[in-house]
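J.: Pasting in a structure now, in structure tokens, and then I'll have a few things to ask.
The values are calculated or read from the model by the stated rules, or taken from the named source; none is laboratory data. Treat the numbers as computed from the prediction; the structure is a model and nothing was measured. Please note: Cβ atoms are built from the backbone with ideal geometry, for glycine as well, and neighbour counts cover all protein chains shown.
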Amino acid sequence: MSDSNSTLHIWLYLHDDVSEMSQITLGDDYLIPLKNELLSFLDLDVKFIIEDTHTPGVTDIDYKVGPEQALVQWRETLQDHGLITWGLHKYLLVTRGDLSFTDKGIAEIEGQVGIASTTSYIAIGHEVGHMLGAVHEDGETFFEGGWWKNSYTNGGYNPLKGNAYRYSDANRENIKRHLARLIGAN
Ligand SMILES: [Zn+2]
């Protein structure tokens, strides 16, 4: 199996406004639980590539223009700079702030691009989930350790519920199906 068919590459472009402090916690608090979750049910290696490039015109785009508009702008920015590779590659812009009063992220369902804020520990996993085919309708709430915890890609953010740091069983299946389709098309 070639690397292009056996490794899922998740590119994380850090927006210029992501501070060094949040970069330090990015691995432990956001990415390690997500990587462990993906590895737990996928037959693929999962690689996170952190791009901390401070590239004018790429990592400084204005993402507070409305979530849909910001997503279009992010996709066009990547395309204009020749940064998108087809296949098992997903591209997330990681921001310090929210996209709007109610949006901590946005992504194309089964698409290649998304944006997620570091204001929630699960926004990255939520939007990566969408890019991999997870949908809100298949979200789940688990009762664990005496408390209710939401799966990564649930609809809405309920501050009273904890994070399960996993996808629902149904969304795990959606993700597997999406990746199998991508691998089949390669
Ligand atoms: Zn969502």
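J.: Out of all the residues in the range 43-57, which are in contact with a strand residue (DSSP E or B) (Cβ under 7 Å, 6 or more places away or on another chain) and closer than 20 Å to Met131 by Cβ?
T.: Of everything in the range 43-57, those that are in contact with a strand residue (DSSP E or B) (Cβ under 7 Å, 6 or more places away or on another chain) and closer than 20 Å to Met131 by Cβ turn out to be Leu44, Asp45, Val46, Lys47, Phe48, Ile49, Ile50, Glu51.
J.: Now for a different question. Scan the range 129-157 for residues that are touching a helix residue (DSSP H, G or I) at 6+ places or on another chain (Cβ under 9 Å) and away from the ligand (no atom under 11 Å from the Cβ) and jot them down.
T.: Leu132, Gly133, Asp138, Glu140, Ser151
J.: Let me ask something else about it. Could you identify the single residue in Val46, Val58, Val18 that is out of contact with any His (no Cβ under 7 Å at 6 or more places or on another chain), aliphatic (A, V, I, L, M) and not in a strand (DSSP E or B)?
T.: Unique residue meeting the criteria: Val18.
J.: Looking at the range 27-42, I want the residues that are closer than 15 Å to Ala164 by Cβ and have a partner that is small (Gly, Ala, Ser) and at pLDDT 95 or above with Cβ atoms under 6 Å, at least 6 apart or on another chain. Which pairs are those?
T.: Leu34/Gly125
J.: Hey, another quick one. Take the range 87-117 and flag every residue that is more than 12 Å from the ligand (Cβ to nearest atom), out of contact with any Pro (no Cβ under 7 Å at 6 or more places or on another chain) and without any contact (Cβ under 8 Å) to a residue 40 or more places away in the chain.
T.: Asp98, Phe101, Gly111, Gln112, Ser117
J.: For residues that are among the β-branched types (Val, Ile, Thr) and crowded, with 20+ Cβ neighbours inside 10 Å, scanning just the range 133-186, find the one that is modelled with the highest pLDDT.
T.: Out of the qualifying residues, it is Ile175.
The rows are residues; the columns are (1) in a loop (DSSP other than H, G, I, E, B); (2) more than 11 Å from the ligand (Cβ to nearest atom).
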{"site": "Thr119", "(1), (2)": "yes, yes"}
{"site": "His126", "(1), (2)": "no, no"}
{"site": "Pro159", "(1), (2)": "yes, yes"}
{"site": "Tyr167", "(1), (2)": "yes, yes"}
{"site": "Ala170", "(1), (2)": "no, yes"}
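J.: Kindly evaluate Asp103 against the criterion of being out of contact with any helix residue (DSSP H, G or I) (no Cβ under 7 Å at 6 or more places or on another chain), surrounded by 15 or more Cβ atoms within 10 Å (Cβ to Cβ) and part of a loop (DSSP other than H, G, I, E, B).
T.: no
J.: Still on this model: So in the range 76-99, with the set limited to residues that are part of a helix (DSSP H, G or I) and of a type outside the set (A, V, I, L, M, F, W, C), which one is surrounded by the most Cβ atoms within 10 Å (Cβ to Cβ)?
T.: So the residue we want is Thr77.
J.: If I ask for residues that are hydrophobic (A, V, I, L, M, F, W, C) and part of a helix (DSSP H, G or I), which ones from the range 29-43 would you list?
T.: Result: Leu31, Ile32, Leu34, Leu38, Leu39, Phe41.
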